[in-house]
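Remarks on the structure that follows.
What follows is calculated from the coordinates using simple rules that are stated; it is not laboratory data. Everything numeric in this text was worked out from a predicted model, so none of it was measured. Positions of Cβ are backbone-derived with ideal geometry, glycine not excepted, and every protein chain shown enters the neighbour counts.
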Amino acid sequence: MKIVVAIKQVPARDSLLKVNPSGTWIEDADLAYEINEPDAYALEAGLQLKEKQGGEVVVLCAGPERAGQTIREALAKGADRAIHIETADQGVTDPLALGRILAKALEGEQPDLVLTGLQSDDLGFGQTGVIMAELMGLPHGTLIMNIEPEPGGIRVKRELEDGWFQHVDMPLPALLTIQSGGNKLRYATLMGIKKAKSKETRTVEAAAANGSSAITLERVHIPEKQKHTEMLKGSPAEIAAQVVEKLRSEVRVI
């Protein structure tokens, strides 16, 4: 089974983020980077399937040169080879353009299964995986918690609302977007880190993927923090009624 896992490099979760002077993105000169968390779970799901079914796991990543660090981490965890689509430092912010770039890079691969994270930790569109499925003509499933091989296809467990789950039988090839928390993530071993140095990473220019962006990110703003104090007057019953009304109409928590 050939499994392709699309991963993304994002700023580390504990990073102190600042808007750059032009206001178009965050200041990234001194940031630390890591693999997008949902993509790490997609990688783990792919590696576990490989252990059950055999075959290979191919990592697919679109990003600047620094994304090579995240690719090497995926190879150290057990992926067999990688495809790196080099983009500008800010990367591609339009999920349609990114989906086109990723899908084109896979034209010669013919994977049995494509896995992506549910969404990215930085932009959070949650659209790239399903766009890829449409462009590649593949059936897809979202919010996947578990994958089990079956004769002629796979059986997946989807997370629904209020603690409910759905089990779906799917044919192959297919594309799945993986929910975080479905598996326990593995660490790269010392032997895995050594082996990663000799594994193939094929570099593809982003321009060759013919990705045109329909969305332009013009300005980024820091969320404003506001404090407001209001004194409520009246009897205890009247004050309680006012509090309930504010929680319902203004705060919207009830």
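Restrict the search to segment 158-254; then list the chymotrypsin sites (Phe, Trp or Tyr not before Pro) that DSSP places in a loop and that have at most 13 other Cβ atoms within 10 Å of their Cβ.
Sparse-neighbourhood loop chymotrypsin sites (Phe, Trp or Tyr not before Pro): W164, Y187.
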Note, ³J(HN,Hα) from phi for segment 242-251, Karplus 6.51, -1.76, 1.60, rounded to Hz, x at Gly and Pro: 5, 4, 4, 5, 5, 5, 7, 9, 9, 7
Antiparallel DSSP beta bridges within segment 2-209, as percent of all bridges there, nearest 5: 35 percent
Efficiency of FRET from Cβ geometry, T203 and L247, R₀ 41 Å, rounded to 0.05: 0.15
Cα-based helix-to-principal-axis angle, 95-105 vs the chain, degrees rounded to 10: 10 degrees
Cα gyration tensor category, rounded, prolate or oblate, for segment 72-194 with a/c compared to 1.5: rounded
Stretch in the chain that is longest and holds no GluC sites (Glu not before Pro) that DSSP places in a loop and that have at most 16 other beta carbons within 10 Å: 28-106
Given (1) 62, 38, 32; (2) 55, 43, 28; (3) 73, 47, 39, the label whose value is Cα extents along the principal axes in Å derived from this model: (3)
FRET E, pair R13, E107, Förster distance 35 Å, beta-carbon r, rounded to 0.05: 0.55
Percentage relative contact order, the chain, counting C-alpha pairs under 8 Å, at least six apart: 24 percent
Links that overshoot a 30 Å alpha carbon limit, given the list K157/K197; K2/K194; K18/K194: K157/K197; K18/K194
Sequence of T70, T216, T203 once ranked by neighbouring C-beta atoms within 10 Å, starting from the fewest: T216, T203, T70
